[in-house]
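Chemist: Would you mind keeping the following structure in view while I ask a few things?
The values are calculated or read from the model by the stated rules, or taken from the named source; none is laboratory data. Owing to the predicted nature of the structure, the values given are computational and were not obtained by experimental measurement. Glycine also receives a Cβ, built like all others from the backbone with ideal geometry; neighbour counts cover every protein chain displayed. Calculation scope for accessible area: heavy atoms of the full protein, side chains included, ligands and nucleic acids excluded. Shrake-Rupley method; radii C 1.70, N 1.55, O 1.52, S 1.80 Å.
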Amino acid sequence: MNKKNIDIRVIFFFVILLLIGIIAFLIQFFNHVDCEDVRFYVLAENPRTEESIEFFDKTPNAKSWKWDFGDGSEADVRKHTFHVYKKPGKYLITLTINGECIHNKEIIIKDKYITDKIGTPKIIVSKIITAGQPTYFNSESEDAKTWEWAFGENKGIDDTSANPVYTFSTPGEKTVTLVVNGNFGTVAKKIIYVHPRVIKKTNPLDITSYEFEKKAEAFSLPRGAAKKDPLEDMLQYVPVAPKTKTQKDSIIQIKKAPKISEDQFEILLNKVAEGSKVKDDFSEFLCDDLDIPIVKNDSDLLTFSQLCAAIKGKKIRIESIRLNKDKQNNCIKGLNISYKVKKYLIWSKD
């Protein structure tokens with residue numbers, strides 16, 4: 001009996017050791033960093049002084065990082081970081097992963113100010129620019145192969161030629177930008193002023209050709225006995241059309257709606273909500289148009305019939321109401337209303 005118990009314990013002990021070994025192996029396997037497969041990146045197309053350069057690492061199973069930027073600055077222990085170099089030169093970047101894998105990469109930092117003087121193109125344009133007239137542009141840049149012009153009136157690129165011609169549609173101050181060879185690090189900018197277009201008179205008044213009015217004597221009738229107008233004999237044979245009625249002849253009666261105040265209208269709407277009134281009770285005030293537009297709570301647009309259907313059977317509290325009436329016949333042509341509905345003991349916008 002004792003021998004059997006001892007054998008089981010020994011077997012159980014070795015099984016536990018085997019499991020611990022397997023777990024330790026799996027932990028080392030999944031946390032192992034291949035020092036030959038370190039993947040860290042430096043994002044900078046044209047690294048220059050006083051500009052932020054991005055660094056980040058994508059090495060599998062990496063748990064800790066230590067960045068040495070090679071310029072004597074303090075080490076950085078983040079996975080994704082940024083660094084600014086103060087002086088131009090060649091620097092050796094060292095990344096230590098998990099305290100054991102060391103990887104190096106070299107970077108060359110150029111002087112920002114020298115690059116600006118040499119690399120930034122120059123925009124050439126005429127001094128006087130007028131809206132509606134074509135404006136010619138040119139640039140001075142070394143080894144230029146592509147051009148991206150933006151003339152400050154539209155979003156995006158306006159032209160991609162070396163010597164564009166552009167017509168400004170509006171006057172005012174404009175900012176012209178130029179990117180050469182796709183290098184956004186050296187963007188050329190020039191502020192210009194577009195003058196408004198001057199409209200000239202096409203037909204100016206010529207005083208010399210102007211004919212002045214004649215004197216009254218030139219239009220006077222000749223002296224002598226008055227003669228009969230020949231049109232009198234002709235008009236007596238022309239049939240006369242019946243006289244049309246004018247507004248004075250016929251009395252136009254305009255049907256006016258009865259007067260009602262906004263407070264009285266509010267009382268009637270509350271009765272609609274209670275169920276004692278219906279939309280047809282408002283016909284005389286709306287001149288039989290029950291589909292007038294209603295603005296509800298400054299957001300919804302509906303008809304008066306829809307409003308009555310929406311508040312029917314609900315407990316409402318009208319906060320404000322404004323009637324839009326026709327001054328001629330006093331008919332209500334629309335209204336603005338703001339009200340709340342009571343739901344579960346809480347007043348809220350409908």
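Chemist: So what are the ³J(HN,Hα) numbers for region 84-89, from phi and the Karplus equation (6.51, -1.76, 1.60; θ = phi - 60°), rounded to whole Hz, Gly and Pro as x?
Modeler: Calculated HN-Hα couplings, in order: 10, 8, 8, 10, x, x Hz.
Chemist: Just the projected area, averaged over all directions, of the convex hull on the alpha carbon atoms of region 292-333: how many nm²? Show your work: numbers first, answer last.
Modeler: Values: hull surface 13.8 nm².
In nm², the orientation-averaged hull projection of region 292-333 is 3.4.
Chemist: T177: accessible area at probe 1.4 Å, nearest 10 Å²?
Modeler: Accessible area, nearest 10 Å²: 30 Å².
Chemist: Further question: Each label point is 7 Å from the Cα along the Cα-to-Cβ direction; what then is the distance between the points at K314 and V77, in nm?
Modeler: 6.1
Chemist: Same structure, new question: Sum up the charges of everything whose Cβ sits under 15 Å from the Cβ of Y41, counting Lys and Arg as +1 and Asp and Glu as -1, but leave Y41 out. Don't jump to the answer; show the numbers that get you there.
Modeler: Working: positive: R39, K58, R78, K79, K105; negative: D37, E45, E54, D57, D76, E106.
For residues surrounding Y41, the net value is -1.
Chemist: In what order, largest first, do R39, R48, R322 sit by accessible area if the probe radius is 1.4 Å? Present the calculation step by step, with values, prior to reporting the outcome.
Modeler: Numbers: R39 100, R48 10, R322 125 Å².
Reading off the accessible areas and sorting them downward yields R322, R39, R48.
Chemist: Report Rg (one decimal) and Dmax (nearest whole number) for region 35-166, counting Cα atoms only, units Å.
Modeler: In order Rg, Dmax, the Cα atoms of region 35-166 give 21.8, 68 Å.
Chemist: Okay, next question. Could you provide, to the nearest whole Å², the per residue accessible area of region 277-350 with probe 1.4 Å? Let's see the in-between values first.
Modeler: Details: 4370 Å² over 74 residues.
Normalised by residue count, the accessible surface of region 277-350 is 59 Å².
Chemist: May I pose another question? Per residue of region 15-21, in order, report the coupling 6.51 cos²θ - 1.76 cosθ + 1.60 (Karplus, θ = phi - 60°) as ³J(HN,Hα) in whole Hz, putting x for Gly and Pro.
Modeler: Rounded to whole hertz, the list is 5, 5, 4, 5, 5, 4, x.
Chemist: To continue, here is another question. Where Lys and Arg each count +1 and Asp and Glu each count -1, what net charge lies around I108 among other residues with Cβ under 14 Å from its Cβ? Walk me through the numbers on the way to the answer.
Modeler: Details: positive: R48, K87, K90, K105, K110, K112; negative: E45, E51, D71, E106, D111.
Computed value for this residue: +1.
Chemist: Skipping prolines and chain starts, which residues have an amide H placed within reach, meaning under 5 Å, of the one on I93, given they are 5 or more residues away or on another chain?
Modeler: HN-HN under 5 Å from I93: K105, E106, I107.
Chemist: Could I ask something else about it? Amide H neighbours of K277 under 5 Å, counting only residues 5+ apart in sequence or on other chains, H built in-plane at 1.01 Å?
Modeler: Residues meeting the amide H criterion: V272.
Chemist: Okay, next question. Ignoring ligands, DNA and RNA, how do S169, S305 rank by accessible area with a 1.4 Å probe, largest first?
Modeler: Numbers: S169 90, S305 25 Å².
The ranking, largest first, comes out as S169, S305.
Chemist: If Lys and Arg each add +1 and Asp and Glu each add -1, what is the summed charge of the other residues whose beta carbon sits under 10 Å from the beta carbon of L290? Numbers along the way, then the final one.
Modeler: Values: positive: K279; negative: D280, D288, D289, D291.
So the environment of L290 carries a net charge of -3.
Chemist: Whole-Hz ³J(HN,Hα) for each residue in region 184-192, computed from phi via Karplus 6.51 cos²θ - 1.76 cosθ + 1.60 with θ = phi - 60°, x for glycine and proline: what do you get?
Modeler: After applying 6.51 cos²θ - 1.76 cosθ + 1.60, I find 7, x, 10, 8, 8, 10, 8, 9, 10 Hz.
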